[in-house]
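Scroll down for the structure; my scribbles are underneath it.
The values are calculated or read from the model by the stated rules, or taken from the named source; none is laboratory data. None of the values given here were measured: they were computed from a predicted structure. Please note: Cβ atoms are built from the backbone with ideal geometry, for glycine as well, and neighbour counts cover all protein chains shown. Ligands, DNA and RNA are stripped out before the accessible areas are found, and what is left, the full protein with its side chains, is counted by its heavy atoms. Shrake-Rupley method; radii C 1.70, N 1.55, O 1.52, S 1.80 Å.
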Amino acid sequence: MSWLGSEVALGALGAVAALLVPCAVAFGFMLRSLRLTRRSRALLERRYRHVLKHMDETLVVADRATGQILDANEASLRTLGYGIAELCEFPLRHIYLGLDLGEATEGAVHRCRMRARDGGLFEVELTVAQVVDEARQLVCIVGRDLSSRQQAEARLRASEERLTRVLESDELTGLASRAGFQCRLQERLASTEGLHLFHIDLDHFRSVNDVHGRDFGDQVLVAVARNLRAAFGPQVLLARLGADEFALACGGAGRNALRRQVHRIRKAVGRELTVGEHAVTLAASIGIAVYPQDGVNVEILQKRADMALYEAKDAGRDTCRRFVPDLAARLCEKFEIEQELRRAIDTPQIHVEYQPVIDLQTGLLVSFEALVRWDHPVLGSVAPERFVAAAEEGGSIVHLGERVVRDVVRQLRHWADEGALCVPVAVNVSPLQIERSAFSRFVHELLQQHRVDARWLSFEITESAWLQDSDRHIAAMDRLRSGGSRIFIDDFGTGFSNLAYLKSLPVDVLKIDRAFVCGMAGDANDAAIVESIIRMATQLRLRVVAEGVESAAIAEQLRAMGCHYGQGHYFSKPMRAEQCKALLVQLQATRRGVDRARPANQTSTAVTDLAVRHRLGSRRVTAVANEGG
Ligand code: C2E
Ligand code: CA
Ligand code: CA
């Protein structure tokens with residue numbers, strides 16, 4: 001671009017400034033009137049040329065008297081489609097339609113149309129600056145292409161809208177997404193006096209995916225969304241917050257309204273769903289926060305509905321909880337417990353106790369379950385129920401679980417070194433241990449290091465954990481099992497397993513949850529459940545342990561049902577390793593007696609043979625331990 005002189009460059013800059021920032025017009029004039037030295041002028045000119053060359057605005061310089069175009073910047077040539085020589089053949093009026101230089105006020109923003117080489121017209125916004133160049137009067141016209149700006153703005157708006165739609169809606173179910181829900185809830189709060197917020201989490205949804213596949217799971221989610229929408233109508237805010245979590249906000253005040261809404265949610269979620277050949281019936285855990293009592297903005301309400309939801313899950317799922325202020329305190333306590341536990345794991349505050357498991361048919365001790373104990377210097381003895389869940393949530397269960405396995409393996413070595421007979425010990429394994437560590441390798445190395453046979457170490461993993469990430473758990477348990485360990489399903493009956501699923505698991509023993517066993521005394525239903533679990537497990541060639549046996553009557557009832565083993569306070573509470581030692585010594589003596597009484601060719605390796613003989617109802621294991629000690 002050949003510039004006519006520094007005056008033009010400065011004038012042009014004034015016009016640009018005016019177009020971009022109207023109040024900067026004055027700046028252009030000020031610059032012109034500045035007295036600059038020759039050198040600084042040349043420097044300044046170079047800089048301005050650089051700016052003008054690279055700016056997006058069109059800039060045309062013309063003779064004011066004749067209207068002839070004298071010069072133009074790159075943006076003008078680009079926009080109009082002319083070469084510089086070609087353009088300079090035209091008068092201004094050929095390019096700027098409807099621009100009257102006589103009327104154009106300097107510094108003001110005018111609108112007109114520009115004509116391109118191909119005849120195309122486009123809207124521009126322009127400013128005119130007068131420049132005196134030695135003898136001539138020049139005008140400098142800076143224009144901004146409005147049509148391309150409008151198009152760009154429209155494109156931007158459209159893509160923003162598209163993005164908002166994507167972000168604010170859930171593709172699978174068509175409900176609002178988390179972001180969309182938050183937005184709309186915010187608006188709703190501004191215009192309501194009372195509102196109930198529900199966070200709804202489908203119970204054990206993962207197992208639906210595991211058993212029937214992801215596509216099936218997706219269709220189930222769509223059906224749940226549809227049922228919720230049908231139950232509450234189009235006005236209610238409904239969203240899928242993530243995987244299998246939904247949120248619902250509906251107006252209302254008072255307990256009765258709340259109760260009715262909860263009932264409606266549970267009914268909608270609990271409706272039997274048929275997808276293809278399969279039918280499933282779901283349940284949900286529900287957390288509730290009420291506006292304005294539990295929070296006055298979206299963030300607090302959601303956080304509190306979440307806390308209430310955790311509480312509902314903790315309470316065994318398929319239930320609902322409303323936020324109460326105490327809940328925040330309890331969660332805080334959980335956090336503090338976990339912090340305290342982290343510091344305690346490698347100290348003597350942690351130890352392991354062992355609870356005997358008895359063969360119900362013969363009355364012999366067959367194994368122990370290892371249970372972790374924590375004696376805190378200030379809190380005293382902290383119940384595992386209190387700290388195991390906190391450790392699972394906070395992640396320290398991995399470290400704690402390793403500590404327990406290490407203690408148990410060392411103990412087995414110790415008993416063996418002392419010449420005591422061993423029985424297998426089962427340790428509880430949390431799903432996180434399998435997810436976060438190479439658990440089977442850790443176990444394998446530990447057993448090798450202490451020269452302990454894998455047969456003496458068993459693993460209990462809860463039914464619900466099996467359902468969480470079955471592939472991973474199955475692979476890990478498979479490895480442990482092929483090493484010689486036995487695998488238990490713990491707390492059976494609380495989860496969602498079906499028979500077909502159970503068959504596919506690498507499992508040897510099933511432990512019936514103590515809630516059913518304790519319930520047998522007063523509830524015929526529980527007794528029927530226990531009996532059918534025993535029958536089913538036996539058909540699958542699994543051994544069955546009943547947990548929580550608290551009386552002779554229950555022990556006898558279980559024995560009559562064909563249950564193999566029992567564990568519970570009736571036989572013995574969990575005991576210190578030293579007390580177990582006494583039992584094992586007793587066991588050895590009993591075994592010698594058994595061996596003497598047995599014909600020489602009848603040698604058995606059954607676990608029951610490595611046991612303390614114990615008659616149901618007459619003597620408890622603790623009594624045997626005392627006698628032995
Ligand atoms: P669990 O695996 O179901 O363990 C059995 C629980 O039932 C133990 O509670 C035991 O003391 C208790 N129990 C035994 N017999 C009876 C009875 O006749 N009546 C009643 N009411 N209870 C009985 P504990 O020791 O408090 O452990 C609670 C839970 O903590 C365990 O349930 C297990 O889930 C977890 N836990 C304990 N130790 C460990 C561990 O080392 N690792 C992991 N991951 N979890 C553990
Ligand atoms: Ca257990
Ligand atoms: Ca259990």
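With a requirement of 1 or more residues that are open to solvent by 50 Å² or more (accessible area, probe 1.4 Å) and within 14 Å of ligand 2 (Cβ to nearest atom), the strands (runs of 3 or more DSSP E) lying completely within the stretch 367-479 that satisfy it span 425-428. For the stretch 427-448, the candidate set comprises residues that are in contact (Cβ under 8 Å) with a residue 24 or more places away in the chain and over 31 Å from the mean Cα position of the chain (by Cα); within that set, the residue that is farthest from ligand 1 (Cβ to nearest atom) is His444. If you go through the stretch 316-327, how many residues are under 20 Å from the mean Cα position of the chain (by Cα) and surrounded by fewer than 14 Cβ atoms within 10 Å (Cβ to Cβ)? Counting residues in the stretch 316-327 that are under 20 Å from the mean Cα position of the chain (by Cα) and surrounded by fewer than 14 Cβ atoms within 10 Å (Cβ to Cβ) gives 1. The test for being among the aliphatic types (A, V, I, L, M), modelled with pLDDT of 95 or more, within 15 Å of ligand 1 (Cβ to nearest atom) and in contact with a Pro (Cβ under 9 Å, 6 or more places away or on another chain) does not hold for Leu400.
As a summary of the residue check, Arg576 satisfies the conditions (1) away from ligand 1 (no atom under 14 Å from the Cβ); (2) in contact with a strand residue (DSSP E or B) (Cβ under 9 Å, 6 or more places away or on another chain); (3) open to solvent by 30 Å² or more (accessible area, probe 1.4 Å) except for the one numbered (1). Is it the case that the stretch 136-152 has a residue that's in contact with a helix residue (DSSP H, G or I) (Cβ under 9 Å, 6 or more places away or on another chain), of a type outside the set (Val, Ile, Thr) and part of a helix (DSSP H, G or I)? The answer is yes; a qualifying residue exists. When the residues of the stretch 446-467 are filtered to those that are modelled with pLDDT of 95 or more and within 16 Å of ligand 3 (Cβ to nearest atom), the one that is farthest from Leu502 (Cα to Cα) is Ser458.
Tallying residues that are open to solvent by 50 Å² or more (accessible area, probe 1.4 Å) and either closer than 19 Å to Phe181 by Cα or among the hydrophobic types (A, V, I, L, M, F, W, C) (or both) within the stretch 273-289 yields 1. Close Cβ contacts (under 6 Å, 6 or more residues apart or on different chains) running from residues in the stretch 542-553 that are within 13 Å of Val366 (Cα to Cα) and more than 10 Å from ligand 1 (Cβ to nearest atom) to residues that are assigned to a loop (DSSP other than H, G, I, E, B) and open to solvent by 10 Å² or more (accessible area, probe 1.4 Å) comprise Arg543/His564; Val544/His564.
Checking the stretch 290-306 against the condition returns no match, with no residue being open to solvent by less than 70 Å² (accessible area, probe 1.4 Å) and within 30 Å of Lys511 (Cβ to Cβ).
Scanning the stretch 480-489 for residues that are open to solvent by 10 Å² or more (accessible area, probe 1.4 Å) and within 14 Å of ligand 1 (Cβ to nearest atom) returns a single hit, Phe488.
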